[in-house]
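We did not get these values from a lab; they are worked out from the coordinates using the rules stated. Small disclaimer: the values here were computed from a predicted structure and weren't measured. Reconstructed Cβ throughout: ideal geometry from the backbone, glycine too, with neighbour counts over all protein chains shown.
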């Protein structure tokens, strides 16, 4: 992989809890390591319980979202590469906190807020990406 976005997309395709082998370069030497993929929201909490929620797909935005396990937003699990959301900079792993100033605490909130979006409307996402807080606006085609 040549960039962070390629790595991010590859990791997003692996189910949390799966073990994978990575070939990396350390001190100019190739090395193979094994890692266990976790949820972004789990951080470093060993043994944290995961909520099993079915991801929801939004046809308008091209996002697949699911609960983040803490009940304080929904997490982008997948994104269509050619969607307006992807072009605006949203990415798998982003935590959606608010849409157009309204709290998103569940997948149901997300569905309710996005179902009312209309063509040519600008939508504002309040996101967290790691320790960063982001505001991304884009127009729905």
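Label-to-label distance, residue 78 versus residue 119, with points set 7 angstrom from Cα along the beta-carbon direction: 2.6 nm.
So for the stretch 56-139, averaging the separation of alpha carbon pairs under 8 Å that are six or more residues apart and normalising by length, what relative contact order in percent results?
Details: 163 pairs, mean separation 21.3, N = 84.
Value for the stretch 56-139: 25 percent.
Cα gyration tensor of the stretch 56-139, axes a ≥ b ≥ c as square roots of the eigenvalues: rounded (a/c below 1.5), prolate (a/b > b/c) or oblate? Taking the square roots of the gyration eigenvalues as a ≥ b ≥ c, the stretch 56-139 is rounded.
Need the full-extension length gain, residue 10 to residue 129, defined as separation in residues times 0.36 nm minus the C-alpha distance. One decimal, nm. Working shown, then result.
Working: separation 119, 0.36 × 119 = 42.84 nm, distance 1.73 nm.
My answer for the length gained is 41.1 nm.
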